[in-house]
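Working notes, beginning with the structure itself.
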Ligand code: TXA
Ligand code: MG
């Protein structure tokens, strides 16, 4: 039986307060939320997603003032970032408060903290009166949900409620950063671009899966965000589908694509913000289109294109 879907924030807050797990809208992707201070609720989140416990959860709070309930300290550069980009698609890794259990942080001494911008999620955080731990509301390793129907498809039968906030406007997960001194290391590129981060902290580094900092981003497995259909990145010339075989194509801008059963263009103008907002929903749609393969052309490696290429590479890794 699929769970109920509501726009009633008071109802969702009541479910969270009594230890339930609720799919919640944020501007990046839908999250699967529960009271971050309630171990049973947190354990249910891991179970529902079939998520390994070495992959820590992000904790959401309503505003900067509420950070002190979940993090024991915030450095001056981290505070500058928070004040500039919160509420928004940014997660900052901070030393955790004792109240946050090691189940939430997978045993790490740090916690990922985010103040989301979505008005319904803001309202929910205020009304539930507790920090909300929420990973993306998909089964582990699968495509992130940017619409209610994506959540229902993957988790509808194992969660208590969906709070319907409409389609997500940013469409890729938050950018995760860790601050050391005056250096910001991006553990996961996401909805806030590196250029924007650099306006506040000029020294921004990107931790790649190959780099020595990789173990600091647990859960950032090379294979992730995968549709069921095989996905292949077209690095050079576009491959031509064998005749009689249904291949789908995903490109940023329109191009000539002979022989493809389906071709989805993310933005006629090549706008990476528009493309990000449509990225996961388009992959969900292609995944439902009875294709033998999805071919994707990489994005320009600038702005949100960095986050989109990261998701594509992980989806294509077998
Ligand atoms: O946009 C988003 O970030 C969404 C919405 C719901 O907020 N959430 C999300 O959560 O994408 P999730 O669980 O799919 O990804 C969280 C990732 C973990 O896989 C891990 O790599 C990183 O955040 N993370 C969380 N806590 C961390 C910590 N203490 N240190 C390093 N990385 C951490
Ligand atoms: Mg996720």
>> Quick check: residue separation of residue 47 and residue 232 times 0.36 nm, minus the Cα distance between them. What number comes out in nm?
In response: 63.6 nm
> In a Debye calculation with equal point scatterers on the alpha-carbon sites of the range 1-126 and no solvent, what is log10 I(q)/I(0) at q = 0.10, 0.11, 0.16, 0.20 Å⁻¹?
Replying inline: -0.30, -0.36, -0.78, -1.22
> Antiparallel as a % of all DSSP beta bridges within the chain, to the nearest 5?
Replying inline: 40
> Given a cut-off of under 8 Å on Cα pairs at least six residues apart, what relative contact order in percent is computed for the chain?
Replying inline: 20
>> If packing is taken as the average count of other Cβ atoms within 10 Å, what order do 71-78, 59-66, 241-248 fall into, highest mean first?
In response: 59-66, 71-78, 241-248
> Using alpha carbons only, how many degrees (0 to 90, rounded to 10) separate the axis of helix 39-49 from the longest principal axis of the chain?
Replying inline: 10
> log₁₀ I(q)/I(0) of the range 231-316 at q = 0.13, 0.22 Å⁻¹, via Debye over equal Cα point scatterers, no solvent, to two decimals?
Replying inline: -0.37, -1.08
> Relative to the longest principal Cα axis of the chain, at what angle does helix 76-85 sit, 0 to 90 degrees, rounded to 10?
Replying inline: 60
> On a 0 to 90 degree scale, rounded to 10, what angle separates helix 119-128 from the longest Cα axis of the chain?
Replying inline: 30
> To two decimal places, what compactness ratio does the chain give when its Cα radius of gyration is scaled by 2.2 N^0.38 Å?
Replying inline: 0.97
>> How would the range 164-318 be classified by its alpha-carbon gyration tensor: rounded, prolate or oblate, with rounded meaning a/c under 1.5 and the a/b versus b/c comparison settling the rest?
In response: prolate
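Laboratory data are not the source of any read-out in this text; all were calculated from the coordinates shown. All figures in this text were calculated on a predicted structure; none of them were measured in a lab. So basically every Cβ, Gly included, is an ideal-geometry build from the backbone, and we count neighbours across all protein chains shown.
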